[in-house]
Structure formats: C-alpha cells, structure tokens
Amino acid sequence: MPDQPGDQDARSPAKAEYSKARRYSLLILFCLAQFVDTFNISALYPAIPTLAVALGMSTAESTWIMSAYSLTFAAFLLIRRVFVKYISFPVLIGEDPDRRMYIAEYAFIIGTASLGIISLGAGFLNSKIPLIVLRALYGIAGSLTIPSALALIVAVFPEPLEQSRAIGAFGGCAAIGNVLGFIIGGIFSQFASWHWVFWFVTLISLPVAALCLLLIPDQPRRPIDDLPRWTRFKRLDIVGVAILTAALILFIFAVISGSTNGWATVIVLVPLFISVAMLVCFFFYETRILIDRAAMYVQVQDYNVVYNGTPHEPTFCRPPHTWFYPNFSVVFGTSLLPFFWWAVISLVFTNLWQGVYHRSPISTAIHLIPSSVAAFFASFTGPLSRHISPKWLILLGQLLIVAASLLLVFADGPDKYWTLDFPGFALGSAGAQLI
C-alpha cells in the first residue's frame with residue numbers, strides 16, 4: 001500500500017532515536033501490556049465461582065465483574081482522543097510525529113500504572129460493590145493502555161515488514177494471555193486466593209510502566225493554547241459518554257434481570273425501554289455539538305486522491321451518517337458476534353463445571369484451553385483475505401460458530417466433553433477469530 005503523506009516524516013524520528021535493543025525491549029513491554037489486558041479477563045473466569053461465594057454474589061451479580069470493565073473500556077475509548085489532546089497531554093494539534101509520540105507515550109504509561117494501582121487495591125477488597133467499581137476503573141485505564149501501545153509500536157517500528165511482525169507478536173500475546181489467564185487464574189483460585197489474580201496484574205503492570213518511562217525518550221512539549229484547563233475540560237464530550245454509558249448499563253441490567261425475574265416484569269421492561277430511548281438521545285445529541293469534539297465520529301478520507309499525490313483535508317461524518325455507509329451496519333453487528341460468543345461460553349461453562357459438576361478451578365481452566373488455542377492458530381489466517389474475499393471468510397466464521405453452538409447445546413453431561421464440548425470450543429473459537 002503506498003505511503004500516505006507524512007508517513008516518511010513520521011518514520012524518521014524513530015530511526016534516529018531508537019536502537020535495535022531499545023526497540024525490541026519496548027516491544028516486549030508493549031506485549032506484556034497486551035498480555036495483562038487479556039489475562040485480567042480470562043483469569044477471572046475460573047475464579048468467579050469462588051469469588052462469588054466469598055463475596056456473597058449471585059450468578060447475575062457476578063456478571064458485573066466482567067461487564068463493568070467492558071462498559072467503561074468502550075465508553076472512555078470514545079473520548080480518549082479528546083482527553084489526551086486537551087486535558088492530560090496538551091500539545092500542538094497537527095500531524096507532527098513528535099506530538100503523536102508524546103500523547104501515546106504518557107497515555108500508555110498512565111494507563112498501565114493506573115491498572116497496577118487499581119489491581120493492588122482490588123486485591124485487598126472483600127466487598128462486591130467496591131470491587132465492581134474498581135473493575136469499572138480498570139476499563140478506563142485499559143482504554144488508555146492498549147490503543148496507545150499499538151500506536152507506539154507503529155512509531156517505534158516504522159519499516160513495514162518489521163512493523164507487521166511486531167504487530168503480529170503484539171496480537172499473539174493477547175492469545176497467550178487468554179490461555180495462561182485460564183491456567184494461572186485456576187491455580188490462584190485453587191491453591192492461593194482469588195485476590196492473587198489482581199495482585200499478579202500489579203506485579204507486571206507497575207514495572208512495565210516504570211521501564212517505559214525510562215526507555216521511551218521524552219518528546220518536545222508544546223502547549224496547544226493558553227486556555228484555562230477548565231475550558232479545555234469542557235471540550236470533552238462528557239454528556240455524550242455519560243448518556244451512552246448509562247444506556248448500556250440499563251440495557252445489561254435488563255438483560256441480566258430478564259433471566260431471573262422474567263421478561264414481562266417491570267424491573268426488566270422499564271430499564272430496557274429507557275436504555276433504547278437514551279441511545280436515540282445519544283445519537284441526536286451527537287449531531288448537535290461540534291463535530292471534532294463528538295464522542296463518536298468517523299474521519300473519512302479519499303485515499304485515491306492521497307495515493308495520487310494530492311493530499312487534502314479529511315472530512316468528518318457524524319454517527320447517524322456512518323450507519324448508511326455500504327455494509328457498515330452489517331459489519332458492525334458481525335464484529336460483535338465473536339465477543340458475545342466467547343463471553344457466553346466462558347461464563348456459562350465456568351459456572352456449570354464448578355457449580356454443577358463440582359470440578360476444581362484448575363480443571364475448569366484446562367477444559368477451556370481448547371477455545372484459546374483454536375483462536376491463537378486461527379489468528380494466523382489473516383493473509384487468506386488476499387486470496388479469498390473477506391465476505392466469504394466472515395460467512396465461514398459464522399457457520400463455524402453456528403455449528404459449534406449446536407454441538408454445545410447437546411453437551412448436557414460431564415461425559416460429553418470430548419465428543420461435543422471440545423470440538424464445539426475449537427470450531428467456535430476458530431470461527432470467531434476468523435470473523
């Protein structure tokens with residue numbers, strides 16, 4: 001793919017400032033951050049039954065341990081762009097490579113350090129509400145960490161071949177964190193305590209943040225303007241993010257309550273209708289504010305013009321308009337399917353095997369490994385899109401998920417693992433990763 005304008009400028013500082021040893025040392029640290037991000041999700045699955053008993057949580061309440069993280073991660077990812085630009089890291093707006101590095105550097109360090117500190121506090125808690133609150137703060141820290149790590153990898157490894165390998169290693173560490181998370185989480189739950197799942201994250205996150213502070217060279221700091229900090233703060237789309245987050249919380253609450261209280265009850269229908277109304281209000285509100293400060297907007301650029309050597313300013317589209325791009329709605333919905341599938345099988349089978357079949361946390365973790373291993377190997381199928389149309393690959397992935405789900409429906413006993421559970425996990429995860 002031809003370089004876009006400014007790419008060569010963005011690459012030259014990395015070549016000059018980073019030795020090979022420093023670049024690969026930083027890559028290891030970024031990969032550790034990716035490992036921690038997936039570990040802190042998968043390690044909790046075998047620990048949830050033990051954690052729920054210790055904290056007196058019902059099955060429905062225990063789902064908030066996972067949901068709180070995902071909700072805030074998604075919500076604050078929307079305003080991360082404006083947050084790092086106007087509040088924490090005020091720098092010159094433009095396409096200067098030093099500016100991008102400065103933002104990504106401190107966003108990553110603050111996010112990783114916050115993750116370690118929050119995990120340390122979570123490990124000492126023995127109450128469900130504070131733990132759910134800290135898991136929500138986890139998501140905010142994660143929204144700063146992972147996107148910034150990817151941006152730093154692109155800056156540190158400017159050469160296309162080296163960059164693709166670095167990004168591949170970064171993505172592979174997510175799969176490794178997922179696999180080891182099940183195992184280590186099971187070991188901690190069975191032989192130590194669920195608290196160690198959080199302390200383990202602290203033991204990795206804080207050293208990673210400290211080492212990055214030393215290894216990433218400081219970039220020039222240039223003020224964006226002379227406006228007071230409060231004025232810059234008001235540029236954040238706090239209202240939009242608050243509406244969206246509240247809508248998602250109410251929607252999840254309604255879905256969780258429906259399985260225990262019945263779908264026709266007031267406690268389900270009222271939050272469900274309010275959440276839908278708030279989503280409509282969110283999209284309407286996003287059309288009423290300045291477009292470059294909206295939580296959700298799409299930056300559209302005519303790449304054919306850029307490739308022909310005639311760069312131009314990018315245009316911006318508001319959220320309601322993005323849904324009318326060809327196939328955007330279909331791709332958006334399809335992209336959610338793998339996460340739905342993985343979350344459901346991990347939570348359902350963890351509770352089934354430990355709560356009903358009385359398996360140990362380690363046994364539960366080991367039985368879930370095929371799902372992660374299949375996803376890991378399927379992650380190397382990316383080059384297939386050069387030879388096969390992506391729509392056929394997506395369709396194949398969906399068919400594999402359907403086949404896997406049918407197998408798991410009939411896995412109604414502990415003796416059905418190798419005949420139904422195992423192939424179901426392998427096929428479903430491979431299909432989800434393919435999507």
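The values are calculated or read from the model by the stated rules, or taken from the named source; none is laboratory data. Since the structure is predicted, the reported quantities are computational estimates derived from the model, not experimental observations. Note: ideal-geometry Cβ built from the backbone for every residue, glycine included; neighbour counts use all protein chains shown.
Here's the yes/no breakdown for (1) free of Cβ contacts under 8 Å to residues at least 40 places away in the same chain; (2) out of contact with any Ser or Thr (no Cβ under 6 Å at 6 or more places or on another chain); (3) surrounded by 21 or more Cβ atoms within 10 Å (Cβ to Cβ); (4) farther than 16 Å from residue 196 by Cβ:
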{"residue": "21", "(1), (2), (3), (4)": "yes, yes, no, yes"}
{"residue": "24", "(1), (2), (3), (4)": "yes, yes, no, yes"}
{"residue": "28", "(1), (2), (3), (4)": "yes, yes, no, yes"}
{"residue": "47", "(1), (2), (3), (4)": "no, no, yes, no"}
{"residue": "54", "(1), (2), (3), (4)": "no, yes, no, no"}
{"residue": "65", "(1), (2), (3), (4)": "no, yes, yes, no"}
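List every residue pair whose Cβ atoms lie under 6 Å apart, where the two residues are 6 or more positions apart in sequence or sit on different chains, the first residue falls within region 273-297 and is under 14 Å from residue 238 (Cα atoms) and assigned to a loop (DSSP other than H, G, I, E, B), and the second residue, located anywhere, is at pLDDT below 75 and not aliphatic (A, V, I, L, M).
294/237; 295/237; 296/319
Output the qualifying pairs, or none if there are none: Cβ atoms under 8 angstrom, residues six or more apart or on different chains, first residue in region 350-376 and within 19 Å of residue 427 (Cβ to Cβ) and not assigned by TED's automatic domain parsing to the domain that holds residue 197, second residue in a loop (DSSP other than H, G, I, E, B) and not small (Gly, Ala, Ser).
Final answer for the pair search is 367/359.
Would you call residue 32 under 22 Å from residue 140 (Cβ atoms), touching a helix residue (DSSP H, G or I) at 6+ places or on another chain (Cβ under 9 Å), modelled with pLDDT of 85 or more and crowded, with 22+ Cβ neighbours inside 10 Å? Steps first, please.
Working: under 22 Å from residue 140 (Cβ atoms): yes; touching a helix residue (DSSP H, G or I) at 6+ places or on another chain (Cβ under 9 Å): yes; modelled with pLDDT of 85 or more: yes; crowded, with 22+ Cβ neighbours inside 10 Å: no.
Against the criterion (under 22 Å from residue 140 (Cβ atoms), touching a helix residue (DSSP H, G or I) at 6+ places or on another chain (Cβ under 9 Å), modelled with pLDDT of 85 or more and crowded, with 22+ Cβ neighbours inside 10 Å), residue 32 does not qualify.
To keep it simple, each residue is scored yes or no on (1) β-branched (Val, Ile, Thr); (2) closer than 18 Å to residue 178 by Cβ; (3) in a helix (DSSP H, G or I).
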{"site": "352", "(1), (2), (3)": "no, no, yes"}
{"site": "369", "(1), (2), (3)": "yes, yes, yes"}
{"site": "377", "(1), (2), (3)": "no, yes, yes"}
{"site": "380", "(1), (2), (3)": "no, yes, yes"}
{"site": "383", "(1), (2), (3)": "no, no, yes"}
{"site": "393", "(1), (2), (3)": "no, no, yes"}
{"site": "396", "(1), (2), (3)": "no, no, yes"}
{"site": "399", "(1), (2), (3)": "no, no, yes"}
{"site": "404", "(1), (2), (3)": "no, yes, yes"}
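Can you give me the number of residues within region 406-415 that are in contact with a helix residue (DSSP H, G or I) (Cβ under 9 Å, 6 or more places away or on another chain), in a helix (DSSP H, G or I) and either crowded, with 16+ Cβ neighbours inside 10 Å or not hydrophobic (A, V, I, L, M, F, W, C) (or both)?
3
Among the residues of region 138-147 satisfying the criterion of being in contact (Cβ under 8 Å) with a residue 60 or more places away in the chain and buried (at least 24 other Cβ atoms within 10 Å of the Cβ), which is farthest from residue 75 (Cα to Cα)?
If we take residues in region 138-147 being in contact (Cβ under 8 Å) with a residue 60 or more places away in the chain and buried (at least 24 other Cβ atoms within 10 Å of the Cβ), then 145 is farthest from residue 75 (Cα to Cα).
Within region 194-213, is even one residue at pLDDT 85 or above, more than 30 Å from residue 19 (Cα to Cα), in a loop (DSSP other than H, G, I, E, B) and of a type outside the set (Phe, Trp, Tyr)?
no
Give the residue, chosen from 328, 340, 377, 349, that is in contact with a Ser or Thr (Cβ under 9 Å, 6 or more places away or on another chain), surrounded by fewer than 16 Cβ atoms within 10 Å (Cβ to Cβ) and either farther than 20 Å from residue 173 by Cβ or hydrophobic (A, V, I, L, M, F, W, C) (or both).
Unique residue meeting the criteria: 328.
Out of region 380-396, which residues are under 22 Å from residue 170 (Cβ atoms) and either exposed (fewer than 13 other Cβ atoms within 10 Å of the Cβ) or without any contact (Cβ under 8 Å) to a residue 40 or more places away in the chain (or both)?
Result: 380, 382, 383, 384, 385, 386, 390.
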